[in-house]
Amino acid sequence: PVTHLRPTFFTNWLIDTWADGTGELRLPFADGRHAPIAESDQAKVIAAVLEDPAPHAGQIYPLYGAEELDHYEIAERMSRALGRDVTYVPIELDEFAAILRGRGAPDHLIQHLLAVAVDYRNGIFAGTNDLVKRIGGSDPLGVEEFVRQNRAAFAPRTP
């Protein structure tokens with residue numbers, strides 16, 4: 001028997017998309033929503049399942065973070081945590097592909113991320129639940145707290 005974990009977008013995605021450090025999140029997600037989940041919260045769930053696998057055998061667990069947000073709300077929480085403006089700039093898929101190519105992403109990754117963006121726009125990643133707390137033992141980390149804990153990763157970049 002196995003246990004399937006299906007996490008939504010990770011909070012670390014915010015660091016990965018912060019590459020140019022301009023204060024803009026240039027992403028093709030329109031007004032889609034998700035509840036970003038921290039890797040540490042996933043780890044707590046994984047550890048609990050490994051410590052006592054029997055009750056989890058055959059289960060499928062969609063994992064979500066603290067609250068469902070769109071990227072405008074994510075940018076707002078990042079702004080509060082960092083004490084400076086962060087703006088979500090919705091872009092089209094072709095612009096996102098060009099950004100990824102400019103960062104040296106391989107074609108198969110670009111294709112994957114474009115498909116994910118379409119799914120995101122269509123609500124595939126939306127939702128919330130209490131599984132992180134119920135299984136992992138603590139409330140999931142919110143975006144604002146995650147950004148505060150990883151402030152150095154969001155430092156302004158100088159040319």
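The values are calculated or read from the model by the stated rules, or taken from the named source; none is laboratory data. Since this is a predicted model, take the numbers as computed values, not measurements. Ideal geometry is used to build each Cβ from the backbone, glycine not excepted, and the neighbour counts take in all protein chains shown. Protein only, heavy atoms only, side chains kept; ligands, DNA and RNA dropped before computing areas. Shrake-Rupley method; radii C 1.70, N 1.55, O 1.52, S 1.80 Å.
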Exercise. Report, ordered by the first and then the second residue, all pairs with beta carbons closer than 8 Å, sequence separation of six or more or different chains, a first member in region 77-98 that is farther than 16 Å from W18 by Cβ, and a second member that is open to solvent by 70 Å² or more (accessible area, probe 1.4 Å) and at pLDDT below 95.
Key: P90/D31; E95/R26
Exercise. Look at L27 and say whether it is touching a Pro at 6+ places or on another chain (Cβ under 8 Å), under 15 Å from L14 (Cα atoms) and of a type in the set (A, V, I, L, M).
Key: yes
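Condition check ((1) under 13 Å from the mean Cα position of the chain (by Cα); (2) modelled with pLDDT of 95 or more; (3) of a type in the set (S, T, Y); (4) farther than 28 Å from V45 by Cα) across all residues:
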| position | (1), (2), (3), (4) |
| --- | --- |
| L69 | yes, yes, no, no |
| A75 | yes, yes, no, no |
| R84 | no, no, no, yes |
| E92 | no, yes, no, yes |
| P106 | no, yes, no, yes |
| I110 | no, yes, no, yes |
| R121 | no, yes, no, no |
| D130 | no, yes, no, no |
| E144 | yes, yes, no, no |
Quiz item: Is there a residue being out of contact with any Phe, Trp or Tyr (no Cβ under 8 Å at 6 or more places or on another chain), surrounded by 14 or more Cβ atoms within 10 Å (Cβ to Cβ), within 24 Å of T3 (Cα to Cα) and β-branched (V, I, T) anywhere in region 102-123?
Solution: yes
Self-check item: Total residues in region 76-97, condition open to solvent by less than 20 Å² (accessible area, probe 1.4 Å) and under 21 Å from F125 (Cα atoms)
Solution: 5
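I'd like to check something: does region 57-64 contain any residue that is over 12 Å from the mean Cα position of the chain (by Cα), modelled with pLDDT of 95 or more and of a type in the set (G, A, S)? So that I can check it myself, show each step before the final result.
Within region 57-64, the first condition is being over 12 Å from the mean Cα position of the chain (by Cα), and the residues that meet it are 57-62.
Then keep just the ones that are modelled with pLDDT of 95 or more; that gives 57-62.
When the remaining residues are screened for being of a type in the set (G, A, S), the result is 57-58.
So far as region 57-64 goes, yes, one or more of its residues are over 12 Å from the mean Cα position of the chain (by Cα), modelled with pLDDT of 95 or more and of a type in the set (G, A, S).
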